[in-house]
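Before any comments, here is the structure.
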């Protein structure tokens, strides 16, 4: 998928959470959101990731550093993140997953990465996170685990074991407290 299409999908998610779901994302809309503290970190990550994939490592590091300095978020340039990324708040967030699916919502002070120091960014030591996942403020997702689709992880939860699709997990260590019907917003009684 092209960088433009990915950014337009990210912008569509911004509109969704801003309550203007009927607005159609356009290049002009991207320019209008350029300085938004909820959109610019996503834009900077997407540019850094695209540059990294094209082996422009120094430029990629520069965009990643700008994101860190301006918004307090560190996202591994190697991390594959699907379209529709939404970061309501970014300060204190570290994202070093192997991959994250589409329509992820990641709040502030979240840490996603290896259990031990992994400066070499070994994928097998990092989480794989599915589609439509909501990660609450302060949550930690650590190690080579798999988080399924349509999962909600509560604030300050510590997840060190894989989670299946359609669940809500909270606590330290995280425990499943609820099963969902295909979408984190619709609960199963």
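Read-outs throughout are calculated quantities, based only on the coordinates presented, and are distinct from any laboratory measurement. Here the structure is a predicted model, which is why all the values come from computation and not from measurement. Backbone-built Cβ (ideal geometry, glycine too); neighbour counts: all protein chains shown.
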Can you find a residue that is under 19 Å from residue 70 (Cβ atoms) and surrounded by fewer than 16 Cβ atoms within 10 Å (Cβ to Cβ) anywhere in segment 83-91?
yes
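Test of understanding: among 17, 86, which residue is within 25 Å of residue 138 (Cα to Cα) and more than 14 Å from the chain's Cα centre (by Cα)?
Details: 86 fails: more than 14 Å from the chain's Cα centre (by Cα).
The conditions single out 17.
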Cross-chain or 6+ apart pairs with Cβ under 7 Å, segment 3-18 first and touching a residue at least 60 places away in the same chain (Cβ under 8 Å), then buried (at least 18 other Cβ atoms within 10 Å of the Cβ) and assigned to a helix (DSSP H, G or I):
6/46; 10/42
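Among 108, 179, which is over 21 Å from residue 91 (Cα atoms) and without any contact (Cβ under 8 Å) to a residue 40 or more places away in the chain?
Working: 108 fails: over 21 Å from residue 91 (Cα atoms).
Of 108, 179, the one residue that is over 21 Å from residue 91 (Cα atoms) and without any contact (Cβ under 8 Å) to a residue 40 or more places away in the chain is 179.
Could you tell me whether residue 109 is in a loop (DSSP other than H, G, I, E, B), surrounded by 18 or more Cβ atoms within 10 Å (Cβ to Cβ) and within 15 Å of the chain's Cα centre (by Cα)?
Against the criterion (in a loop (DSSP other than H, G, I, E, B), surrounded by 18 or more Cβ atoms within 10 Å (Cβ to Cβ) and within 15 Å of the chain's Cα centre (by Cα)), residue 109 qualifies.
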Residue 116: passes all of (1) surrounded by 23 or more Cβ atoms within 10 Å (Cβ to Cβ); (2) out of contact with any strand residue (DSSP E or B) (no Cβ under 7 Å at 6 or more places or on another chain) but (1)
If you check residue 46 against the conditions, is it without any contact (Cβ under 8 Å) to a residue 24 or more places away in the chain and out of contact with any strand residue (DSSP E or B) (no Cβ under 8 Å at 6 or more places or on another chain)?
no
Name the single residue that is surrounded by the most Cβ atoms within 10 Å (Cβ to Cβ) among those in segment 51-78 being outside any helix (DSSP H, G or I) and without any contact (Cβ under 8 Å) to a residue 40 or more places away in the chain.
75
